[in-house]
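The values are calculated or read from the model by the stated rules, or taken from the named source; none is laboratory data. Worth saying up front: this structure is predicted, and the values here are computed from it rather than measured. Here the Cβ positions follow ideal geometry from the backbone for every residue, glycine too, while neighbour counts run over all protein chains shown. Calculation scope for accessible area: heavy atoms of the full protein, side chains included, ligands and nucleic acids excluded. Shrake-Rupley method; radii C 1.70, N 1.55, O 1.52, S 1.80 Å.
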Amino acid sequence: MSDINVKKNTQRDITHSDTKNVAYCNKAAGSGRRSAIRIMGSLIGLVKPLIHIMLAAIILGTLGYLCAIFLTILAGQVIVHGLLTGVAGMIVPVDNMWLVFTPVKTIITVMIIIAVLRGILHYMEQYCNHFIAFKLLAIIRHKVFAALRKLCPAKLDGRDKGNLISIITTDIELLEVFYAHTISPIAIAALTSIIMVIFIGRYHWLAGVLALAAYLMVGVAIPMWNGRRGSRKGMEFRTSFGELNSFVLDSLRGLDETIQYGQGEKRKEQMSERSKNLAGMQESLSKMEGSQRSFTNMVILLAAFGMLALTIWLYSKGEMGFEGILTCTIAMMGSFGPVVALSSLSNNLNQTLASGERVLSLLEETPLVEEIPGDVETAKISDTKIFKDETEEHSNNQDVDSEVGVDYAFAGATVENVTFAYEEETILDNYSLKLEPGKITGIHGASGSGKSTLLKLLMRFWDVQAGSVSVDGTDVRKIPTKHLRDMESYVTQETHLFHDSIANNIAIAKQGASREEIMEAAKKASIHDFIMTLPKGYDTEVGELGDTLSGGEKQRVAICRALINDPDLVLADEPTGNLDSKSGKIVIDALTQINREFKKTIVMVTHDPQMASYCSRIILLKDGLILDTLKRGESQEAFYQEIIGRMAEL
């Protein structure tokens with residue numbers, strides 16, 4: 001056995017957690033943040049499967065806006081007809097006039113048709129955009145949950161849960177603004193503006209240039225200016241919103257303690273202060289939005305008056321007819337709809353792109369431990385054949401089944417010369433341990449000696465920096481992840497139960513588990529009889545976080561989960577740590593029965609001498625050393641007394 005560098009577990013966990021959260025918040029607040037163009041490019045890349053619907057939305061939207069614009073232009077033509085007939089008391093020349101010989105009745109009929117089409121086209125465009133948006137939000141949620149599964153547990157250990165909830169819920173929801181109200185509006189604004197520049201330019205090229213400049217100012221320059229000044233504040237707002245979520249979640253979880261220690265007012269003040277800070281950020285963003293809208297309206301008015309002045313000047317020079325003055329001015333005033341939509345987008349886009357950055361950053365995070373792909377059944381057959389080859393080396397007389405070789409026997413687990421560190425803090429240094437198959441091994445030591453870390457390395461929640469961890473004779477880094485999860489089960493000190501039936505809470509460990517398998521696991525965990533006394537048996541709801549069950553009952557449900565896959569190795573981290581002596585004894589009896597009747601290999605981290613006395617051996621750790629290995633003899637009482645004495649030395 002080798003030395004272990006002991007570190008204080010509490011301090012290590014806090015430092016490890018804080019380092020992750022600080023790094024995450026710095027990234028979220030804008031440190032190294034990608035540009036808005038890159039964010040939009042990455043988000044647009046997700047549209048590829050629905051590109052045909054997006055193109056339809058762009059075409060429908062462009063036609064819809066053109067209908068709205070030409071509705072006012074045609075109304076101007078009716079006015080021109082009135083002037084031609086002297087209705088207004090004046091007669092204007094008809095040179096180069098558009099639709100001059102078209103009857104007013106025909107123009108009004110066309111206007112009615114266009115008005116109806118405008119409504120239909122707008123509806124169809126919005127339908128396509130929102131179909132794309134909600135379809136993509138579902139895809140993104142699936143991608144986010146898949147990413148979280150791959151990042152667990154190493155990358156998410158200590159991560160701010162409230163911020164993760166904010167990403168999964170509100171941040172993804174905000175992307176609806178981008179997919180339904182950003183991508184196609186940009187293309188629609190570009191196409192509509194080009195068409196209108198050509199239309200106005202046919203009267204005079206200077207009018208076309210003025211229209212182009214106005215469209216670029218409202219649709220490009222103002223949104224970019226507003227986006228630059230608000231992007232950081234938008235990210236800060238989303239990050240603060242996530243932190244407030246975390247604070248509320250933490251407050252709800254600690255409600256009993258808050259009331260018990262009279263901290264309600266203080267907690268209320270803290271929540272109020274955070275809310276005020278968030279409201280202040282929102283007010284600042286709203287002021288930016290107001291100034292942007294004012295500036296946009298000013299540019300539109302200046303462009304309209306500028307077009308009127310330009311066309312009058314051209315008319316005075318004889319380069320444009322009277323109809324050109326009226327049509328160009330009306331066209332200029334009525335064609336800002338698409339680009340104004342872009343200008344207004346920059347207000348919400350600050351928060352939307354901040355949300356997009358947070359979602360993309362999560363999707364792009366690489367796991368600390370890469371999963372090993374592979375078929376479970378193939379892996380089992382492969383392992384059996386390896387065992388068969390080894391067996392044939394030692395005995396040529398043993399009968400071998402033609403399909404999979406010999407009867408399978410679990411070979412235990414070994415930890416050889418392992419070095420492992422969180423960040424730069426070494427927890428295990430050149431550590432070795434052999435876990436005998438079919439035995440119960442207990443591990444006891446001071447906090448921070450790496451007991452829980454050892455179990456997580458056996459589960460391959462993390463990879464070691466040096467040395468190797470082997471299960472059933474194979475390095476865990478070479479075992480297909482799903483097969484490794486089937487071979488091992490992990491029972492933690494605190495069991496999370498979902499607001500669902502007991503049967504579903506057990507079956508979560510095995511997809512598609514039958515009721516018979518669930519009941520068999522419950523019998524092994526000695527909880528079947530208790531479940532049958534409940535009003536609905538296995539269909540009884542356990543309540544939120546399993547509040548309707550006692551601590552011991554929760555732990556036995558956890559043991560059910562651990563057993564439903566029929567694992568060879570069961571790892572238990574302080575399974576009785578939060579239980580009273582009676583509940584603890586029930587859990588101990590369940591684990592020892594599993595070992596005795598089903599020959600399961602069990603590793604238990606424990607500070608409980610009573611629980612330790614049921615182990616085949618106890619490994620004692622102190623000050624970075626394996627102080628001793630105690631083995632149980634014939635008398636359990638003598639072993640119990642020896643454990644108490646030796647634990648007192650630690």
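Would a scan of region 451-466 turn up a residue that is in contact with a Phe, Trp or Tyr (Cβ under 7 Å, 6 or more places away or on another chain), among the charged types (D, E, K, R) and at positive phi? Checking region 451-466: not a single residue is in contact with a Phe, Trp or Tyr (Cβ under 7 Å, 6 or more places away or on another chain), among the charged types (D, E, K, R) and at positive phi.
Taken together, the residues in region 602-628 that are β-branched (Val, Ile, Thr) and at pLDDT below 80 amount to 1.
Restricting the search to region 414-457, which residues are among the small types (Gly, Ala, Ser) and closer than 27 Å to Met611 by Cα? Break it down into steps so the answer makes sense when it comes.
Initial filter on region 414-457 (among the small types (Gly, Ala, Ser)): 421, 432, 438, 442, 445-450, 452.
Matches in region 414-457: Ser432, Gly438, Gly442, Gly445, Ala446, Ser447, Gly448, Ser449, Gly450, Ser452.
For region 577-601, filtering for residues that are under 19 Å from Glu494 (Cβ atoms), hydrophobic (A, V, I, L, M, F, W, C) and either in contact (Cβ under 8 Å) with a residue 60 or more places away in the chain or open to solvent by less than 20 Å² (accessible area, probe 1.4 Å) (or both) leaves 5.
Close Cβ contacts (under 9 Å, 6 or more residues apart or on different chains) running from residues in region 366-378 that are open to solvent by 90 Å² or more (accessible area, probe 1.4 Å) to residues that are acidic (Asp, Glu) and modelled with pLDDT of 85 or more comprise Leu368/Asp463; Glu370/Asp463. Return the residues of region 532-576 that are open to solvent by 30 Å² or more (accessible area, probe 1.4 Å), over 29 Å from the mean Cα position of the chain (by Cα) and closer than 28 Å to Leu457 by Cα; say none if nothing qualifies. Of everything in region 532-576, those that are open to solvent by 30 Å² or more (accessible area, probe 1.4 Å), over 29 Å from the mean Cα position of the chain (by Cα) and closer than 28 Å to Leu457 by Cα turn out to be Gly551, Glu553, Asp566, Asp568. Is at least one residue of region 252-265 in contact with a Gly (Cβ under 7 Å, 6 or more places away or on another chain) and not charged (D, E, K, R)? Within region 252-265 (the criterion being in contact with a Gly (Cβ under 7 Å, 6 or more places away or on another chain) and not charged (D, E, K, R)), the answer is yes, since at least one residue qualifies.
Go through the residues of region 212-219 one by one and say whether even a single one is at pLDDT below 90, in contact with a Leu (Cβ under 6 Å, 6 or more places away or on another chain) and within 14 Å of Phe336 (Cα to Cα). Yes; the residues of region 212-219 include at least one that is at pLDDT below 90, in contact with a Leu (Cβ under 6 Å, 6 or more places away or on another chain) and within 14 Å of Phe336 (Cα to Cα).
Out of all the residues in region 319-365, which are of a type in the set (D, E, K, R) and surrounded by fewer than 19 Cβ atoms within 10 Å (Cβ to Cβ)?
Of the residues in region 319-365, the ones of a type in the set (D, E, K, R) are 319, 323, 357-358, 364-365.
Residues satisfying the conditions are Glu319, Glu364, Glu365.
Of the residues in region 564-580, at least one is in contact with a helix residue (DSSP H, G or I) (Cβ under 8 Å, 6 or more places away or on another chain), part of a loop (DSSP other than H, G, I, E, B), modelled with pLDDT under 85 and of a type in the set (Val, Ile, Thr).
Take the residues in region 310-346 that are β-branched (Val, Ile, Thr) and modelled with pLDDT of 90 or more; name whichever of them is nearest to Gln77 (Cα to Cα). Walk me through how you get there before you give the answer.
Within region 310-346, the subset β-branched (Val, Ile, Thr) is 311-312, 325, 327, 329-330, 339-340.
Those still in the list that are modelled with pLDDT of 90 or more too: 311-312, 329-330.
On the way: Thr311: 17, Ile312: 18, Thr329: 12, Ile330: 10 Å.
So, considering only residues that are β-branched (Val, Ile, Thr) and modelled with pLDDT of 90 or more, the one nearest to Gln77 (Cα to Cα) is Ile330.
The set of residues from region 581-608 being more than 26 Å from Ala513 (Cβ to Cβ) and in a strand (DSSP E or B) comprises just one member, Val605.
Do we find a residue being buried (at least 18 other Cβ atoms within 10 Å of the Cβ) and over 30 Å from Asn277 (Cβ atoms) anywhere in region 232-247? For region 232-247, residues buried (at least 18 other Cβ atoms within 10 Å of the Cβ) and over 30 Å from Asn277 (Cβ atoms): absent. Residues in region 309-318 that are free of Cβ contacts under 8 Å to residues at least 24 places away in the same chain and either crowded, with 17+ Cβ neighbours inside 10 Å or closer than 25 Å to Ala221 by Cα (or both): Ala309 alone. Listed by first and then second residue, the pairs with beta-carbon distance under 8 Å, at least 6 apart or on different chains, first residue in region 142-159 and in contact (Cβ under 8 Å) with a residue 12 or more places away in the chain and under 16 Å from Glu423 (Cα atoms), second part of a helix (DSSP H, G or I) and open to solvent by less than 20 Å² (accessible area, probe 1.4 Å), are Asp157/His16; Gly158/His16. Set side by side, the residues Ala513, Ala503, Ala521, Ala525 differ, and just one is surrounded by 14 or more Cβ atoms within 10 Å (Cβ to Cβ), among the hydrophobic types (A, V, I, L, M, F, W, C) and modelled with pLDDT of 90 or more, which is Ala503. Can you pull out every residue in region 465-489 that is assigned to a loop (DSSP other than H, G, I, E, B) and open to solvent by 20 Å² or more (accessible area, probe 1.4 Å)? Across region 465-489, the qualifying residues are Gln465, Asp472, Gly473, Pro480. Within region 434-452, restricting attention to residues that are touching a helix residue (DSSP H, G or I) at 6+ places or on another chain (Cβ under 9 Å) and among the polar types (S, T, N, Q), the residue that is modelled with the highest pLDDT is Ser452.
Does Glu257 qualify as being open to solvent by 60 Å² or more (accessible area, probe 1.4 Å), more than 21 Å from Gly234 (Cα to Cα) and either in a helix (DSSP H, G or I) or of a type in the set (Val, Ile, Thr) (or both)? It is true that Glu257 is open to solvent by 60 Å² or more (accessible area, probe 1.4 Å), more than 21 Å from Gly234 (Cα to Cα) and either in a helix (DSSP H, G or I) or of a type in the set (Val, Ile, Thr) (or both).
Counting only helices (runs of 4 or more DSSP H) that sit completely within region 117-221, those holding 2 or more residues that are hydrophobic (A, V, I, L, M, F, W, C) and open to solvent by 20 Å² or more (accessible area, probe 1.4 Å) correspond to 172-181, 183-201, 205-216. Taking the criterion of being modelled with pLDDT under 85, more than 30 Å from the chain's Cα centre (by Cα) and of a type in the set (S, T, N, Q), the residues of region 272-309 that qualify are Ser291, Gln292.
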